[in-house]
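Asks: Below is one structure. I have some questions about it.
The values are calculated or read from the model by the stated rules, or taken from the named source; none is laboratory data. As the structure is a prediction and not an experimental result, all values here were calculated from the model. Cβ placement follows ideal geometry from the backbone for every residue including glycine, while neighbour counts extend to all protein chains displayed. SASA here: full protein model, heavy atoms, side chains in, ligands and nucleic acids out. Shrake-Rupley method; radii C 1.70, N 1.55, O 1.52, S 1.80 Å.
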Amino acid sequence: MELDVRNLHPLEIRLLRYVSVGEEITAERLIKELEYQIGHCNQAFSWLSGKGFISEVSRSTSIWYELTDYGRKEVDLGTPPVRIVALLKKNGPLSLPEIAHKLGLEKSSIGSAFGQLSKAKVCRMGEGNVAQLMSEDLPDELTIAASVLRKGLEGLIAETSLSAVELAYIKKNSKKRGAADSPFKIVEKEEVIYSLTEEGARAKQALLDAHITGEELGSVTSALLSSGDWKGRSFRPYSLNTPSARLIPGRRNPYSEYLQWVKDKLVSLGFEEFDGSLVENEFWNGDALFMPQFHSARDIHDVYYVKHPSHAKVIEEPYLSQVAATHQDGWTTGSRGWNYTFDHEFTRRQVMRSQGTVLSARQLPKAKVPGKYFGIARCFRYDQVDATHGADFYQTEGIVLGDDVNLKNLLGLLKLFAEEVAGAQEVRYVPGYFPFTEPSIEVHIKHPVLGWFELGGSGIFRPEVTKALGIDVPVLAWGLGIDRMALMHLGINDLRELFTPDIEHVRLRRSK
Amino acid sequence: MPKIEVHETLFESLLTQHYTDDALEGIFPVAKAELDGHDTDERLYKIELNDTNRPDLWSAAGVARALNTYESGALCTYDFFSDEKVRRDSGDRRLIVDASVEPVRPYSIGFAVNGKVVSETILEALIQSQEKLCNNFGRKRKSIAMGVYRSDLISYPVHYRGADPQVTRFVPLGAEEEMSLAEIVEKHPKGQEYGHIVSSSPVFPFLHDDNGEVLSFPPVINSAHIGAVEAGDEHLFLEFSGPGLDDLLLAASIVACDCADMGFTVLPVTCSLPYDTPYGREITVPYYFQKPQTCEVAYLNKTLGENLGDQEIITALGRMGIKAAISDSVITAVPPEYRNDFLHAADIVEDVMIGHGLSRFAPILPSDFTAGRLTEAEELSRKVKDIIIGMGFQEMMYNYLGSRREYIDNMHVSGDEYIQIANPMSENYEFVRPSIIPSLLESESVSAHAVYPHQIFEVGKVAYLEESDNSGTVTKNHLGILASGPEAGFNDLNSYISTLLYFLNVEYVMAELDDPRFIPGRCGKLVSDGRELGIFGEVHPQVLESWNITMPCITCELDIDQLLICREHL
């Protein structure tokens, strides 16, 4: 297998290039020789062992001493015995409390320091309980303290680097825990010795062959660019397969995006969009569509009624009179009508729009001839909400008006929708039934994924619908059931999810 | 849409040729039928009929008749129909309607059959016809109720009259003891289901024979004696009651044709009515009452986009069971006895289309050129969405119906201007959304698990009461945005609003607002040229608490329709 060493980190590269097979590789050595920080060593060891380029040889624990803040103060001011000697030399004999007070030290530390001094015969307790200086030469034991403290300033002191006397001092003046009043803290360090593996040696060779030094440039910074320091140097290649961090972008809702796509399709086919109010009345919701007022789909169990105002103030004339007459006896539409007494109170009753065709009916009085119109309308049905029924949902509907539009045009239009909107190649037409169209056609399509299904219903508006609304030309009416395609497009199978309030679902949802 | 179940043996005995399931699926569209399933264990075809105006198709005999006629082009003939010229012999079989029933349910008609033993399968078929005719076509028995009785137990004439609900008693089907009509309405399951049709009347419809033996309490329940038809019976009386004569005559004709097709002999019954009808006071049932429908050949061909010859038209209609003649370029179509769905020449066009074969019409695109166009509100909405998304917001879509809790209680508002549904199916969908803000807060209440910050919006419709409109309501296009997160605060909200309105080219000022949904002093109205564009603010902790939201939320709602007006002068 070809070793890919381009993605190694500079810390790994420099280590690999520096060491040879058989050598001990330790943190201490890298710190000293490659000027790594201890953190760098740990990272390099971890990554390289993970790759199998180095392996652990042995592991041992060593003791180190770290200078504490207390110790640092002693370096600056001197140790208590040294300070006592200096004070007595300057002031003459003093009592221990006076010494403690003047040096700002605890009585207990003065006590132990004075003990050391008297034992070394530098001081003694004279008359009147005052300390007197006997000699100015400090014993080795006390001068060693100063040198060890200074050594501590340079960093951790390895136990192995200390002489016997130094060790004796430091052991006495260090603690493992609670070292706030000790000059040194004991630190146990685990030292691991690694060595280069065969694989590591191959990696090293590969680095050498590729002239990768670990000195390649990392981030491109503004300073780098303005200084021009990048010139003549190479850039470290980055790993391409590192998992990316998650971004939460501002984004369209895929369902609305799909509806927008359908709208754009229809506009591109020459259709003009219409829209309307969510609250409708029985007149436009049913009567104008020549659905008899006793039609079963107009039952209280199919349509939502508005509580207040329960009725519209007026219904637009002359349409009300014309539609009422058409229901009763056909008016001048050539129909015999439904032969019942039209209820003028019922027709004003307000409902939540239950079918998109309402908008087609409302468009008729103001439609242009020729004209093509469409709308994607939110509709409401009295239905138990489940995976296939929503309390409110979209219907896509439209009309085509023209002096000479006919059944074959309707079939042509349906074929166009099948191909353009549903991406279907195979289309089948079957006779259908809608109260407001005659003839009525259902179009079934063979969808590339869903197989055969009903794409939509359509027909030619009954003259009872068009003539009563003042239109004398034939009107093709169609509706597309795009919800199934939308669900497939979004990869979901429950209508309720189209309107989910769950932010995470919507954030993650994507379309096909 | 009616769905029926048809027994294989019965269906096959009625059909003139054998069909595989695939063949049935192929031919069914001529009857606007769909094969819903074929249960080979129960030996039942499940058929869905799509034409709610063709009750003649809602039975095995009806579907078989449509297929047979379509395949052969030969019209069915039935010799038991009377009409305005011919009155068939009804022997001593009479049904006398008494004027006392007029205020509650004025009409009852009927006919009898014999000559065949009622099998289990035929009984099921009859019960199904009764149910479909009365429930789907007869509006749950309101306009048609059908009763089947044991004709051999009846002493004609049968009497239909108004009866005192307290005094009149009999043993109804499904009961052991006599009950008064009033008790039936109150206690009997059928009375509880259908009693409301007549219960407001002082008299109830009542059907009994000449000896006073009870047939039924139409439209509610048969008697347990004459009204208890069983397999093995050979003589049946079929009766139809309701408020409109034509519906009853059609229903009787359909059932009579079905019975004849199943091998019964139809025995007419003369019905005497105490009121004038278009067909006189004595009607011998089954009675053909339909009128011919005319249709100009030119209109037909223009509508179909074809140029069909007279013979093609007559043949096509024949396959649909319609006898037609053409003279002076006008088709006169005589509806078959079992159909009454021709209201307009357009209805003839459709039958020609199906009879001729829909697949023979080639699709052609409309030739008129028209310019496509979106609504102005849609165009502006798209612009708004682009800007909002550019600021990092996720578009949401919500239902437009919600509960009192969501729209009113949780929002700490009165809801006086909200549109309420009079007949909600559940309290979850009782109000029309007056604002997008409750929808956005609902998202927050269910999305605490989603990584913060949240920035969400919707462009959609809201509706609320508006006295000045004809409907007393108004529907508006709104934009609602909401941001939520540990850092969400008023300054961000200000930035979102100023950024959006800058790019929309709308000048605005902020005015103070007193609104319980927001923290006082941290909310406002957006006003442009004296026009209120919307509101914004930090959502009040009392509102957040009601929604169980524990993250600060800022929100803004703008009226897109107002924005449109503000931008008109640009």
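Asks: Confirm whether A:PHE499 is facing chain B (nearest Cβ under 10 Å), open to solvent by less than 30 Å² (accessible area, probe 1.4 Å) and aromatic (Phe, Trp, Tyr).
Replies: Details: facing chain B (nearest Cβ under 10 Å): yes; open to solvent by less than 30 Å² (accessible area, probe 1.4 Å): yes; aromatic (Phe, Trp, Tyr): yes.
Judged against the criteria, A:PHE499 is a match.
Asks: Scan the stretch B:74-94 and report the pairs whose first residue is under 20 Å from B:TYR156 (Cβ atoms) and whose second residue is in a loop (DSSP other than H, G, I, E, B) and open to solvent by 100 Å² or more (accessible area, probe 1.4 Å), with Cβ atoms within less than 9 Å and a gap of 6+ or a chain change.
Replies: Within 9 Å, the pairs are B:ARG88/B:ASP79.
Asks: Need the failing condition index for B:ALA64 against (1) open to solvent by less than 10 Å² (accessible area, probe 1.4 Å); (2) part of a strand (DSSP E or B), just the number.
Replies: Only one criterion in (1) open to solvent by less than 10 Å² (accessible area, probe 1.4 Å); (2) part of a strand (DSSP E or B) is unmet by B:ALA64, namely (2).
Asks: Here's something else I'd like to know. Using beta carbons and a limit of 7 Å, which pairs, at least six apart or on different chains, have the first residue in the stretch B:471-488 and at positive phi and the second one assigned to a strand (DSSP E or B) and hydrophobic (A, V, I, L, M, F, W, C)?
Replies: Going by the 7 Å Cβ cut-off, the qualifying pairs are B:GLY472/B:LEU465.
Asks: Restricting attention to the stretch A:261-280, report how many residues are more than 7 Å from chain B (Cβ to nearest Cβ) and open to solvent by 40 Å² or more (accessible area, probe 1.4 Å).
Replies: Selection size over the stretch A:261-280: 3.
Asks: Right, here's the next one. In this structure, is B:ASP233 away from chain A (no Cβ under 14 Å), acidic (Asp, Glu) and surrounded by 24 or more Cβ atoms within 10 Å (Cβ to Cβ)? Please lay out each step first, then the result.
Replies: Working: away from chain A (no Cβ under 14 Å): yes; acidic (Asp, Glu): yes; surrounded by 24 or more Cβ atoms within 10 Å (Cβ to Cβ): no.
So B:ASP233 does not fit the description; no.
Asks: Take the stretch A:458-484 and flag every residue that is out of contact with any strand residue (DSSP E or B) (no Cβ under 9 Å at 6 or more places or on another chain), open to solvent by 10 Å² or more (accessible area, probe 1.4 Å) and either within 18 Å of B:PRO363 (Cα to Cα) or not in a loop (DSSP other than H, G, I, E, B) (or both).
Replies: Correct list: A:LYS467 only.
Asks: Tell me, which residue of the stretch B:402-415 that is without any contact (Cβ under 8 Å) to a residue 24 or more places away in the chain and open to solvent by less than 70 Å² (accessible area, probe 1.4 Å) is nearest to the other protein chains (Cβ to nearest Cβ)?
Replies: Here the answer is B:GLY415.
Asks: Given (1) surrounded by 11 or more Cβ atoms within 10 Å (Cβ to Cβ); (2) part of a strand (DSSP E or B); (3) within 42 Å of the chain's Cα centre (by Cα); (4) not hydroxyl-bearing (Ser, Thr, Tyr), identify the lone condition not met by A:GLU190.
Replies: For A:GLU190, the failing item is (1).
Asks: Output the residues belonging to the stretch B:416-427 that are more than 8 Å from chain A (Cβ to nearest Cβ) and buried (at least 16 other Cβ atoms within 10 Å of the Cβ).
Replies: Answer for the stretch B:416-427, where residues must be more than 8 Å from chain A (Cβ to nearest Cβ) and buried (at least 16 other Cβ atoms within 10 Å of the Cβ): just B:TYR418.
Asks: Is it the case, given these coordinates, that A:TYR340 is in the same structural domain as A:GLU438 (by TED's automatic domain parsing), touching a helix residue (DSSP H, G or I) at 6+ places or on another chain (Cβ under 8 Å), among the aromatic types (Phe, Trp, Tyr) and not in a strand (DSSP E or B)?
Replies: Considered against the rule, which asks whether it is in the same structural domain as A:GLU438 (by TED's automatic domain parsing), touching a helix residue (DSSP H, G or I) at 6+ places or on another chain (Cβ under 8 Å), among the aromatic types (Phe, Trp, Tyr) and not in a strand (DSSP E or B), A:TYR340 comes out as yes.
Asks: Among the residues of the stretch A:403-418 satisfying the criterion of being closer than 10 Å to A:LEU476 by Cα and over 52 Å from the mean Cα position of the chain (by Cα), which is surrounded by the fewest Cβ atoms within 10 Å (Cβ to Cβ)?
Replies: Looking at residues that are closer than 10 Å to A:LEU476 by Cα and over 52 Å from the mean Cα position of the chain (by Cα), I get A:ASN406.
Asks: Any residue at all in the stretch A:331-351 that is open to solvent by 60 Å² or more (accessible area, probe 1.4 Å) and at positive phi?
Replies: yes
Asks: Please verify whether B:GLY392 is touching a Gly at 6+ places or on another chain (Cβ under 7 Å), free of Cβ contacts under 8 Å to residues at least 12 places away in the same chain and open to solvent by 10 Å² or more (accessible area, probe 1.4 Å), treating the condition exactly as stated.
Replies: When the stated conditions are applied, B:GLY392 does not pass them.
Asks: Run A:ARG6 past the list (1) more than 23 Å from A:ARG236 (Cβ to Cβ); (2) open to solvent by 30 Å² or more (accessible area, probe 1.4 Å); (3) outside the structural domain of A:GLY128 (by TED's automatic domain parsing) and report the number of the one that doesn't hold.
Replies: The failed condition is (1).
Asks: For the stretch B:545-553, does any single residue satisfy the condition of being closer than 23 Å to B:LEU441 by Cα and assigned to a helix (DSSP H, G or I)?
Replies: Looking through the stretch B:545-553, at least one residue is closer than 23 Å to B:LEU441 by Cα and assigned to a helix (DSSP H, G or I).
Asks: State whether one or more residues within the stretch A:137-145 are outside any loop (DSSP other than H, G, I, E, B) and over 14 Å from A:THR79 (Cα atoms).
Replies: Within the stretch A:137-145 (the criterion being outside any loop (DSSP other than H, G, I, E, B) and over 14 Å from A:THR79 (Cα atoms)), the answer is no, since none of the residues qualifies.
Asks: Kindly indicate whether A:GLN384 is outside any helix (DSSP H, G or I) and either at pLDDT 95 or above or facing chain B (nearest Cβ under 10 Å) (or both).
Replies: Spelling it out, A:GLN384 is indeed outside any helix (DSSP H, G or I) and either at pLDDT 95 or above or facing chain B (nearest Cβ under 10 Å) (or both).
Asks: Which of the residues that make up the stretch B:275-333 are hydrophobic (A, V, I, L, M, F, W, C) and part of a strand (DSSP E or B)?
Replies: B:ILE283, B:VAL285, B:CYS295, B:ALA324, B:ALA325, B:ILE326, B:VAL330, B:ILE331, B:ALA333
Asks: Of all residues being among the basic types (Lys, Arg) and within 18 Å of A:THR197 (Cα to Cα) in the stretch A:30-60, which is most open to solvent (accessible area, probe 1.4 Å)? Just the residue, please.
Replies: Looking at the filtered set, the residue picked out is A:ARG59.
Asks: While we're on this one: How many of the residues making up the stretch A:434-450 are over 25 Å from B:PHE342 (Cβ atoms), assigned to a strand (DSSP E or B) and open to solvent by 20 Å² or more (accessible area, probe 1.4 Å)?
Replies: 2
Asks: While we're on this one: Which pairs turn up if I take residues in the stretch B:213-231 that are touching a residue at least 40 places away in the same chain (Cβ under 8 Å) and look for partners that are open to solvent by less than 30 Å² (accessible area, probe 1.4 Å) and basic (Lys, Arg) with beta carbon separation below 9 Å, at least 6 apart in sequence or on another chain?
Replies: B:PRO218/B:ARG105; B:PRO219/B:ARG105
Asks: What do you reckon, is B:SER443 part of a helix (DSSP H, G or I) and either buried (at least 20 other Cβ atoms within 10 Å of the Cβ) or more than 7 Å from chain A (Cβ to nearest Cβ) (or both)?
Replies: Yes; evaluated as a whole, the condition is true for this residue.
Asks: Mind checking which residues of the stretch B:345-362 are crowded, with 18+ Cβ neighbours inside 10 Å and free of Cβ contacts under 8 Å to residues at least 12 places away in the same chain? Write out each step before concluding.
Replies: If we filter the stretch B:345-362 for residues that are crowded, with 18+ Cβ neighbours inside 10 Å, which is where we start, we get B:345-356, B:358, B:361.
The one that is crowded, with 18+ Cβ neighbours inside 10 Å and free of Cβ contacts under 8 Å to residues at least 12 places away in the same chain: B:GLU350.
Asks: Let me ask something else about it. If a residue has to be within 12 Å of another protein chain (Cβ to nearest Cβ) and crowded, with 16+ Cβ neighbours inside 10 Å to count, how many in the stretch A:308-328 make the cut?
Replies: The number of residues fulfilling the criteria is 6.
Asks: I need every pair where a residue in the stretch A:415-431 that is within 21 Å of B:LYS32 (Cβ to Cβ) has its Cβ under 7 Å from the Cβ of a residue that is assigned to a helix (DSSP H, G or I) and open to solvent by 40 Å² or more (accessible area, probe 1.4 Å), sequence separation at least 6 or different chains.
Replies: From residues that are within 21 Å of B:LYS32 (Cβ to Cβ), the pairs are A:VAL427/A:LYS415.
Asks: Further, regarding this structure: What number goes with the only condition from (1) among the β-branched types (Val, Ile, Thr); (2) open to solvent by less than 10 Å² (accessible area, probe 1.4 Å); (3) within 11 Å of chain A (Cβ to nearest Cβ) that B:ILE436 does not pass?
Replies: Condition (3) is where B:ILE436 drops out.
Asks: Just checking, which of A:GLY111, A:GLY152 is under 17 Å from A:ASP181 (Cα atoms) and touching a strand residue (DSSP E or B) at 6+ places or on another chain (Cβ under 8 Å)?
Replies: One residue alone meets the criteria, A:GLY152.
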